[in-house]
1. Which whole-Hz ³J(HN,Hα) couplings does the stretch A:101-114 yield from phi under the Karplus relation 6.51 cos²θ - 1.76 cosθ + 1.60, θ = phi - 60°, glycine and proline marked x?
2. Per residue, how much accessible surface does the protein assembly as shown expose to a 1.4 Å probe? Answer in Å², no decimals.
3. Enter the Cα centre distance for the pair the stretch B:33-67 and the stretch A:33-90, rounded to the nearest angstrom.
4. Could I have the simple spin-label model distance between B:Cys75 and B:Arg100, label points 7 Å from Cα toward Cβ, reported in nm to one decimal?
5. With a 1.4 Å probe and all protein chains left in place, how much of the accessible area of chain A comes from carbon and sulfur atoms, in whole percent?
6. Taking each residue of A:154-164 in turn, how many C-beta atoms of other protein chains fall within 10 Å of its C-beta, and what is the average?
7. Using the Cα gyration tensor of the stretch A:141-237, with a ≥ b ≥ c the square roots of its eigenvalues, what is the shape: rounded (a/c below 1.5), prolate (a/b larger than b/c) or oblate (neither)?
8. Return the Cα extents of the stretch A:10-232 along principal axes one, two and three, sorted largest first, each rounded to a whole Å.
Amino acid sequence: MADGTVLVPPRILELRQNILKKNDLLARDLRQRFAEAGVYVLNLVSGPGAGKTRLLQRTLTELAPEFHMATLVGDLATQNDARRLQESGTTVRQIETGTLCHLEAEMVASYVQDWNLAEIDLLFIENVGNLVCPSSYDLGEDGRVVLFSTTDGEDKPLKYPTLINSADLAIISKLDLAEAAEFDHAAMHRALREMRPDIKILELSAKTGEGLEAWYSHLRSSIEAKKEASHVSGNPR
Amino acid sequence: MHELSVASDLLELVQAELKGQEVQVESIHLKLGVLAGVVKEALEFSFEVVTQRTELAGAKLLIEDVPLGIYCLNCKAEKVLEGVQSLRCPECGQLSGDIRQGKELELVTLAVRDLERQEVYG
Ligand SMILES: Nc1nc2c(ncn2[C@@H]2O[C@H](COP(=O)(O)OP(=O)(O)OP(=O)(O)O)[C@@H](O)[C@H]2O)c(=O)[nH]1
Ligand SMILES: [Mg+2]
Ligand SMILES: [Zn+2]
């Protein structure tokens with residue numbers, strides 16, 4: 001420059017931080033609270049209409065004699081899903097997200113705030129019906145369940161690799177419609193395993209009840225393991 | 001479209017980092033994994049929207065794409081993959097669940113200028 005000043009290069013600040021750090025930290029706190037209380041928490045994710053609510057309706061009703069269950073259900077608008085789930089007689093809260101296409105840890109924290117978690121064995125979180133956005137947000141859950149219905153097409157998993165890769169269990173729903181939809185079971189399993197080799201897969205129908213026993217026994221053993229772990233860490237003998 | 005949420009989280013993160021410092025942000029360097037579930041163009045656009053009328057308006061967003069990388073047990077080596085449809089080793093075809101890169105959604109560095117110093121020398 002004419003007056004002899006040299007432009008100083010900018011100062012570089014090394015940060016190396018996850019952009020969703022705030023959510024991750026809140027999720028970690030939640031996970032800690034759930035662990036201390038011995039609540040087993042599942043985050044259910046799928047595209048709109050894959051059958052999350054109907055599966056939960058039936059599960060809440062049929063397992064009510066065995067467990068104390070609670071549900072948070074996220075939707076952009078309406079209380080419809082909560083109303084359907086409340087017919088089971090269990091505790092249900094609707095989270096209306098407005099324009100937000102996913103649930104965040106902060107919402108879960110504020111909605112469970114006044115619950116006595118120690119009384120709950122199993123908490124379901126039905127996420128907003130969306131195959132993309134929920135995958136980036138940890139809600140402090142123990143397991144993430146992704147649902148695909150037999151009418152969604154067996155190549156769906158290939159289109160949503162991020163979600164598949166973040167899931168622990170895949171449920172293929174509406175098994176009663178498989179034949180009509182000419183659903184290719186093997187192709188679906190293959191597509192899922194390409195992005196998540198160890199994923200557990202269950203096929204079921206919330207309408208006919210086919211396959212539900214395997215789902216229930218998965219829940220039973222998971223709840224038991226969670227309780228066991230919380231006793232071990234809670235009261236060291 | 002959760003890129004808008006991501007962009008506001010990014011804005012908050014940068015603002016918190018720079019709290020109390022008299023600096024102007026020139027650029028923001030991010031790492032974005034192909035499996036992060038975030039669309040680059042949507043993030044760029046959202047960032048412009050959320051930084052309007054803030055001290056970060058006009059800061060450049062430099063996004064580095066990170067491809068998927070796995071560790072292949074068969075080859076005993078890390079391998080970089082081309083797409084996001086499969087976790088198979090490109091060399092031997094073995095499936096691997098051991099992801100080593102590609103999930104990043106990371107704020108790496110900020111390039112800033114000290115406002116005072118500029119006044120002194122400027
Ligand atoms: N035939 C059949 N229909 C089902 C089954 N499960 C769900 N459905 C139907 O599929 C439609 C959508 O089911 P929901 O349970 O509301 O789906 P959802 O995933 O909760 O939907 P969103 O919350 O809007 O994303 C409803 O009409 C259900 O009755 C099933 O196993 N068999
Ligand atoms: Mg629903
Ligand atoms: Zn290999």
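1. 8, 7, 8, 10, 4, 4, 5, 4, 4, 6, 7, 9, 3, 9
2. Here the per-residue accessible area is 49 Å².
3. Taking the Cα centre of the stretch A:33-90 as reference, the centre of the stretch B:33-67 is 35 Å away.
4. It works out to 1.0 nm between the two label points.
5. 51 percent
6. If you average over the peptide's residues, the count of other-chain Cβ atoms is 3.
7. Oblate shape, in that a/c is at least 1.5 and b/c is the bigger or equal ratio.
8. Principal extents (largest minus smallest coordinate, Cα): 61, 48, 39 Å.
The values are calculated or read from the model by the stated rules, or taken from the named source; none is laboratory data. Since we're looking at a predicted model, the values are computed, not measured. We place every Cβ from the backbone using ideal geometry, glycine too, and count neighbours over all the protein chains shown. Only protein heavy atoms, including side chains, enter the accessible area calculation; ligands, DNA and RNA are left aside. Shrake-Rupley method; radii C 1.70, N 1.55, O 1.52, S 1.80 Å.
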